[in-house]
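Quick notes on the structure that follows.
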Number of protein chains: 2
Amino acid sequence: MMILTVPSAPAAAEPEPPVDLGALPGLIGYALRRAQLAVAQDFHRRVAAEDIRPGQHSVLTVLQNNPGLRAARVAQALGIKRTNFVPVLDGLEARGLAERRRVPGDRRASALFLTEAGKAVLARLAPLVAEHEARFAGRLGPDGRSQLMGLLHRLGEAGFDPA
Amino acid sequence: MMILTVPSAPAAAEPEPPVDLGALPGLIGYALRRAQLAVAQDFHRRVAAEDIRPGQHSVLTVLQNNPGLRAARVAQALGIKRTNFVPVLDGLEARGLAERRRVPGDRRASALFLTEAGKAVLARLAPLVAEHEARFAGRLGPDGRSQLMGLLHRLGEAGFDPA
């Protein structure tokens, strides 16, 4: 005769059945989003002390490399919608990392510049971003990284195809 | 003697110098984000008539495959933060595509279900999502697609590493 024993683990700790994701894991868009979230989370952890998100890092980098560029062109170059770009820029300006200056003869446009504080943040971020990048590059290996960058580039091009 | 001619194109149409993106295009995170945006934009264009974003499609798919799953587990399975999941779910419920039901004996939890309207939307989306997927798969080729999915999976695993 079998004796039923009470499991030693409490009932609340019992593993729940896995969630069925259906066709999602086979979709390119879903796989991209999951990988992108994982990479963004690591970025966030590493630069938590500087409180800079990947999108803010991109904007600061563009301002450093293109002083005086107009807001519309920064947004366009980074593929950010204008409506999403305004709050990012407002946040950087409120923290004294970037500044808008008037463009003579064009009341609607503003030229963007990195402040000294913005340059200092970017300099402090550089080794953290390099470590972050090296971590994921290490997981892929040199060939894998090169393959991935080529494949991602092809996806990006497809997105800009008006067809 | 050279005679300067007025260019035929108006000054406003002159090409502006390209924006210098610095090291961004070489960063895995940046390349992922650009590719993900391009794929999400195509998804958006194709399913515009149904007004469903990729994240909403993922939630509807999980509810279809796991009727009665609790909200916290849906969010966890999709890697969505709980605070970001609540408005997604509110939106789907307001449109009558999903519904929360009470869980007996647990006042804080709710079990999620797809409504008949939600099932119908998912059925109408299926061929559109398949076309969307085929477009990008075609750009990559069978080998490229398989390589990409493997590489993205490795990035996702790296993100869940607590190191």
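Bear in mind that the values in this text are calculations on the coordinates, not laboratory data. Note that the coordinates shown come from a computational prediction; the quantities given were computed from them, not determined experimentally. Every residue, glycine among them, receives a Cβ derived from its backbone with ideal geometry; neighbour counts consider all protein chains shown.
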| task | Could you pull the copy-to-copy label distances for A:Pro25, with points set 7 Å along Cα to Cβ, in nm to one decimal and sorted shortest first? | result | 3.5
| note | Quick calc, A:Val86 & B:Ala117: beta-carbon distance into FRET formula, R0 30 Å, rounding 0.05, result 0.30
| message | So if I take the centroid of the Cα atoms in segment A:88-163 and the same for segment B:91-160, what is the distance between those two points in Å? | response | 29 Å
| When the Cα atoms of the protein assembly as shown are enclosed in a convex hull and the volume is divided per residue, what value in Å³ results? | 244 Å³
| said: Output the 0 to 90 degree angle, nearest 10, between the alpha-carbon long axis of helix B:54-65 and the longest principal axis computed from the alpha carbons of chain B. | reply: 30 degrees
| said: Going Cα to Cα from B:Lys119, which lysines come in below 26 Å? Please leave out same-chain ones fewer than 8 positions away. | reply: B:Lys81
| field | Approximate spin-label separation A:Ala94-A:Gln76, in nm, with each point projected 7 Å along Cα-to-Cβ | value | 2.8 nm
| task | Could you size up the charge dipole of segment B:52-141 around its Cα centre, putting +1 on the beta carbon of Lys and Arg and -1 on that of Asp and Glu, and report it in debye to the nearest 20? | result | 300 debye
| query | For peptide B:19-26, how many partner chain Cβ atoms fall within 10 Å of a residue's Cβ, on average? | reply | 6
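Just checking the output field for B:144-151: average partner chain Cβ neighbours within 10 Å of each residue's Cβ? Mind showing how you got there, number by number?
Details: counts 5, 3, 0, 5, 11, 8, 5, 12.
Across the residues of B:144-151, the mean count of other-chain Cβ atoms within 10 Å is 6.
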| said: Taking the Cα centre as origin and putting +1 on Lys and Arg beta-carbons and -1 on Asp and Glu beta-carbons, what dipole magnitude results for the protein assembly as shown, to the nearest 20 debye? | reply: 560 debye
| note | Rounded to 0.05, the calculated FRET efficiency for the beta carbons of A:Asp20 and B:Glu157 at R₀ = 25 Å is 0.80
| query | When all C-alpha to C-alpha distances in segment A:38-135 are sorted into bins of 5 Å, what percent of pairs does each bin hold, rounded to whole numbers? | reply | 2, 13, 25, 23, 19, 11, 4, 2, 1, 0
| Computed helical MRE - 222 nm, chain A, DSSP H runs ≥ 4 contributing -39500 (n - 2.57), nearest 500 | -20500 deg cm²/dmol
| query | So which residue, out of B:Leu60, B:Leu151, B:Leu78, gets the largest mean-square fluctuation from a GNM of chain B using Cα contacts under 10 Å as springs? | reply | B:Leu151
| query | Dipole magnitude of segment B:7-87 about its Cα centre, charges +1 at Lys/Arg Cβ and -1 at Asp/Glu Cβ only, in debye to the nearest 20? | reply | 680 debye
